[in-house]
Amino acid sequence: MTLLLETRGLTAFYGDFQALYGIDFEVATGEVVAIIGANGAGKSTFLRSLVGLVKSAGEGIRFGGAGIESLPAHVIARLGMALVPEGRRLFPSLSVEENLAIGADQAGEGPWTLASVYDLFPMLRERRTAPATALSGGQQQMVAIGRALMGNPRLLLCDELSLGLAPAAVRNIYAVFPQIRAAGAAIVLVEQDVGQAMRAADRLYCFQEGRVSLTGRAGALSREQISQAYFGLH
Amino acid sequence: MRLDVVIETATRASRTGAVVAIGVIAAVASMPWWAGSGTMRTGVELLYYLALAQVWNLMAGYGGLISFGQQAFIGIGGYALVLFAYRLGLDPYLTLAIGSALAGLFAWPMSKLLFRLHGAYFAVGTWIVAECWRLVFANWSWLGGGSGISITATVRGIEPWWREALAFWLAALIGLGSIAGVYLLLRSRFGLALMALRDSEVASESIGISVTQLKTWVYVVAAAAFGLVGGLIFLTKLRISPDSAVSINWSVTIVFIVVVGGIGTIEGPIIGVVLYFLLREYLADYGAIYMIVFGLLAITVMLTLKGGIWGTVQRRFDLHFFPVQRRLRSSQQTLNST
Amino acid sequence: MANLLDTLLQGTLLGGRYALMAIGLSLAFGVMRLVNVAHGDFIVLAAYLALVTVNALGLHPLSALLIVVPAMAMLGYAVQRGLLNRAIGRDIMPALLITFGLSVIIQNSLLEVFSADSRRLQAGNLSSTGVSFADGISMGWFPLMTLATAALTIGGLEQFFRRSRLGRAFRAVSDDPEIVQLMGYDPRHVHALAMAVAFATVGIAGTFFGIGTIFDPALGPPQLLFAFEAVIIGGMGSLWGTLAGSMVLGIAQAIGFRIDPGWGILFGHAAFLIILAVRPQGLFPRTRDA
């Protein structure tokens with residue numbers, strides 16, 4: 001397996017507030033990696049730094065072998081990195097189908113098309129002409145994932161997919177992850193639900209106060225290690 | 001860690017400023033005895049622009065109300081002269097007060113309507129209301145109609161030297177008074193509330209400041225000030241027309257003075273006024289060019305110098321001639337200067 | 001009765017002219033939440049551009065559209081990319097004051113170059129002929145053409161917004177300029193393209209304005225106010241609403257003009273203020289925002 005994404009000593013600020021203190025992070029092609037951690041640990045900021053929405057510093061971000069740390073967000077997106085943002089952030093003026101289609105506007109060919117996204121989430125096909133924000137939370141999350149997939153990304157970043165959704169809706173969404181994975185994209189999941197993250201991921205990073213407090217293969221970490229890294233109990 | 005701090009509302013610059021201010025006031029008060037007629041006229045104009053700019057800055061820079069329609073109140077102040085002094089024969093100086101009161105009075109219902117528009121929409125909305133006033137004056141033939149009217153008769157019988165001196169002192173009182181007034185206002189509880197409002201409407205609502213009430217007050221007070229200055233302007237010009245009284249050019253000039261000088265500071269409008277008069281003086285022979293230059297200057301300042309000329313100076317040198325903020329000062333450094 | 005019908009007809013036709021002017025302002029509102037205070041001055045600038053084109057090439061003013069419209073579109077792109085993109089954001093003050101500055105610069109530059117003399121684009125008998133119905137009701141061909149052009153432009157833009165890829169991007173960038181970057185769109189470029197489309201309509205409006213009436217450099221601000229009133233009356237964010245708002249404004253002015261020529265414009269302003277008082281969201285607000 002080759003390295004798809006790598007950051008070394010990544011730092012990020014919100015104004016005067018430092019959110020990330022030197023993150024070393026790696027994702028191989030085809031791998032599923034989960035990032036867990038408490039509120040405010042810097043998980044979302046990290047994803048936003050990767051896609052260029054937050055300015056970051058450090059020894060660089062390499063994606064597919066090229067340094068992308070100084071590129072603007074829209075260029076990074078065209079290189080094949082997609083983000084399902086926290087809170088979904090669908091375009092309210094666009095219909096379901098338009099929200100999906102806009103994801104493909106600036107992207108290359110690949111396994112994901114309107115037809116294959118509808119096959120993945122059949123209920124979206126029925127509601128294709130509805131305004132995206134008229135859907136239920138779980139369905140909106142499907143649109144957000146579909147919109148990101150339409151760009152045929154090499155790396156799919158998902159920020160808190162389960163946030164605010166009913167358990168059944170969360171199960172439905174995670175049920176399709178094997179199919180997404182089979183289509184070839186590597187995935188980074190940010191989750192507060194540790195159990196969900198452990199089941200879905202090959203490897204795990206735990207963030208605490210802007211630093212990586214623990215990393216390892218999902219199956220090889222004990223509950224004690226994780227809760228210590230998660231809550232910072234020493 | 002414990003810090004030994006004192007709360008400071010005066011700075012060394014402000015104490016120096018106080019000494020300078022006394023000198024300026026003495027020089028200005030004695031001007032009618034030593035300055036020529038042309039200088040005095042320029043002086044009057046400079047002083048009332050200073051007052052207009054200070055008040056507009058109070059609205060926009062501190063209250064967050066950007067109005068392009070303050071010329072409505074200049075017109076109301078001016079036309080109060082026509083109505084009360086020229087037509088009804090009241091004392092012209094008394095009429096200044098009536099015009100000011102009327103402007104404030106009309107501003108209240110206008111604010112009810114205009115506050116339905118926010119931000120940029122409010123700005124254009126005020127402009128439309130001002131246009132309504134212009135058209136009302138233009139269609140009111142008893143007040144001179146579209147072509148305007150001469151009101152020289154109102155000051156007949158007052159000796160010219162005395163009239164010029166009086167106009168100048170009034171302008172000085174209003175111009176320098178506007179600085180003092182805005183300064184004292186901002187240092188009061190009212191000013192603190194106003195600045196809280198500018199920084200965050202939601203936050204100030206949550207600490208019990210009624211945003212609408214505060215904005216209404218600012219709007220009404222500003223209108224009364226513009227009405228007063230409007231009366232003074234046409235008491236010196238002695239000829240008024242709807243197009244000269246309710247002209248967008250008043251707003252253009254005032255906005256540029258404040259933006260270039262430094263919005264949200266008391267020093268800014270002073271610098272802006274001086275710069276405007278210098279530019280106008282040097283470019284007077286080139287027709288409309290000075291407006292083009294001033295427009296370009298304003299855009300450049302807006303894009304590159306945050307807070308205008310004075311805002312930039314202030315950031316670089318930590319100078320505050322009119323400290324309206326409370327500053328926590330430790331023995332080594334200023335902890336909070338915003 | 002005939003008087004009333006004629007007033008309504010003239011008001012509707014006048015509304016057509018205002019609609020054509022208001023489209024660009026409505027677009028910039030809708031896509032960028034930007035109030036371009038220099039909008040009226042750009043309309044007048046376009047009229048002068050048409051005048052120069054007509055004089056230089058000896059074209060019919062309507063053929064000048066072929067040059068004026070693309071030129072204005074390019075200007076719109078440049079103004080947005082070079083100036084306004086640096087000023088849009090949460091604080092509305094910079095964009096407002098920059099366009100206010102542009103307004104003054106354009107007016108005074110036109111004054112320097114073309115003097116304060118009134119001009120008109122000569123369109124032969126197009127601007128003087130019309131059709132007369134019975135009972136003193138008549139209609140000029142050119143005002144009718146202006147109204148039709150406004151309706152066609154709005155219809156075309158609505159289709160473009162609904163069906164084209166770029167139109168979809170315009171709606172998306174209006175919703176969320178941050179997330180649109182994740183779709184590979186540069187919002188600065190999308191905004192500039194939207195302003196180019198808005199300015200293309202300003203090119204049409206300016207040319208029609210120059211044929212329909214005499215103009216001079218100082219006429220920009222009133223056109224801004226009329227366009228602004230039309231947009232607010234109609235309800236922000238909907239082009240058909242803007243058309244309806246223009247009709248309301250035109251008819252109010254026509255009624256005022258009929259009563260006393262001095263009251264026409266004032267009646268228009270009054271209609272705007274009354275609607276602001278009783279229905280501040282406008283007549284046809286965009287439902288998805290409500």
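Read-outs: derived from the displayed coordinates by stated rules, not from any lab. Keep in mind the model is a prediction, meaning the values are calculated, not measured. Because the Cβ atoms are built from the backbone with ideal geometry, glycine has one as well, and the counts that use them run over all protein chains shown.
Think of chain C as having a plus end and a minus end, set by charges on the Cβ of Lys, Arg, Asp and Glu; of C:Ala95, C:Gly268, C:Ser118, C:Ala95 sits farthest toward the positive end of this dipole. Each of B:Thr304, C:Thr213 has some number of other Cβ atoms within 10 Å of its Cβ, and from fewest to most they run B:Thr304, C:Thr213. Comparing C:Leu102, C:Leu27, C:Leu152 in a Gaussian network model of chain C (Cα springs below 10 Å), the most mobile by mean-square fluctuation is C:Leu152. Any chance you could check the Cα centroid distance between segment A:126-155 and segment B:213-264 for me, in angstrom? Each part's Cα centre sits 53 Å from the other's. Using the Cβ of C:Ile106 as centre and a radius below 15 Å, the other residues enclosed give a net charge of -3, where K and R count +1 and D and E count -1.
Distance between the pseudo-spin-label points of B:Ala21 and C:Ala148 (7 Å out from Cα toward the beta carbon): 6.9 nm. Between the residues C:Leu9, C:Ile105, A:Leu53, the greatest Cα displacement towards the positive end of the dipole of the protein assembly as shown, with unit charges on the Cβ of Lys, Arg, Asp and Glu, is found for A:Leu53. Neighbouring Cβ atoms from other chains, within 10 Å of the Cβ of residues in C:35-42, number 2 on average.
When +1 charges are put on Lys and Arg Cβ atoms and -1 charges on Asp and Glu Cβ atoms, the dipole computed for chain B relative to its Cα centre reaches about 480 debye.
If you take each beta carbon of peptide C:217-223 and count the beta carbons of other chains within 10 angstrom, what is the mean?
Details: counts 1, 1, 0, 0, 5, 1, 0.
For peptide C:217-223, the averaged partner shielding equals 1.
Computing FRET efficiency as 1/(1 + (r/R0)^6) for B:Trp34 and B:Leu238, where r is the C-beta to C-beta distance and R0 is 25 Å, gives about 0.50. Rounded to the nearest 20 debye, the dipole magnitude of the protein assembly as shown is 620 debye, with +1 charges on Lys and Arg beta carbons, -1 on Asp and Glu beta carbons, and the Cα centre as origin. One Cα centroid belongs to segment C:207-230, the other to segment B:53-113; the line between them spans 29 Å.
Note on A:78-91: average number of Cβ atoms from other chains within 10 Å of each residue's Cβ is 3.
Straight-line cross-link reach from B:Lys215 at under 22 Å between alpha-carbon atoms covers these lysines, not counting any fewer than eight positions away in the same chain: B:Lys112.
Compute the relative contact order of segment C:143-231 as a whole-number percentage, counting only Cα pairs closer than 8 Å that sit 6 or more residues apart in sequence.
19
Exposure proxy for A:His74, B:His118, C:His60, C:His191: other Cβ atoms within 10 Å of each Cβ, ordered fewest to most, give B:His118, C:His60, A:His74, C:His191.
Pull out the extension gain between C:Arg165 and C:Ser63, defined as 0.36 nm times the separation in residues minus the alpha carbon to alpha carbon distance; nm, one decimal.
On the way: separation 102, 0.36 × 102 = 36.72 nm, distance 2.93 nm.
Additional length available on full extension: 33.8 nm.
So, counting K/R as plus one and D/E as minus one, what does the shell of residues with Cβ under 10 Å around A:Gly87 add up to? The answer is -1. Normalised Debye scattering of chain C at q = 0.08, 0.15 Å⁻¹ gives log10 I(q)/I(0) of -0.33, -1.18, counting only Cα atoms as equal scatterers and leaving out solvent. When A:Ser44, A:Ser227, B:Ser247 are arranged by Cβ crowding within 10 Å, least crowded first, meaning fewest neighbours, the order is A:Ser227, B:Ser247, A:Ser44.
Scanning chain A for GluC sites (Glu not before Pro) in DSSP loops with at most 15 other Cβ atoms within 10 Å, what's the longest stretch left with none? Looking at chain A, A:110-208 is the longest stretch - no exposed GluC sites (Glu not before Pro) with at most 15 other Cβ atoms within 10 Å.
Dividing the helix sum by the residues of the protein assembly as shown, where each DSSP H run of 4 or more adds -39500 (n - 2.57), gives a mean residue ellipticity at 222 nm of -19000 deg cm²/dmol.
For the pair C:Met74 and A:Ser70, what calculated FRET efficiency results from E = 1/(1 + (r/R0)^6), where r is the Cβ-Cβ distance and R0 = 25 Å, to the nearest 0.05? Can you show the working numbers first?
Numbers: r = 30 Å, r/R0 = 1.20.
That gives a FRET efficiency of 0.25.
Once the mean of 1/r is taken over each pair of separate Cα atoms and inverted, segment B:5-330 shows a Kirkwood hydrodynamic radius of 20.5 Å.
If you take the Cα Rg of the protein assembly as shown and divide it by 2.2 N^0.38 Å, with N the number of residues, what do you get?
On the way: Rg = 31.3 Å, N = 862, 2.2 N^0.38 = 28.7 Å.
The reported ratio for this selection is 1.09.
How many nm is it between the label spots at B:Leu319 and A:Ala166, if each spot is 7 Å from the Cα in line with the beta carbon? Between B:Leu319 and A:Ala166, the label points sit 6.7 nm apart.
In terms of packing, defined here as the mean over residues of other Cβ atoms within 10 angstrom, the peptides B:26-37, C:241-252 line up highest first as C:241-252, B:26-37. In straight-distance terms, cross-link reach from A:Lys43 covers every one of the lysines whose alpha-carbon lies under 21 Å from its own, apart from those fewer than eight places away in the same chain; here that gives A:Lys55. Within the listed set B:Ile257, B:Ile179, B:Ile266, the residue fluctuating most in the Gaussian network model of chain B (springs between alpha-carbon atoms under 10 angstrom) is B:Ile179. Only one residue of C:Gln253, C:Pro177, C:Gly206 has its Cα farthest out toward the positive end of the dipole of segment C:148-284, where Lys and Arg carry +1 and Asp and Glu -1 on Cβ, and that residue is C:Pro177.
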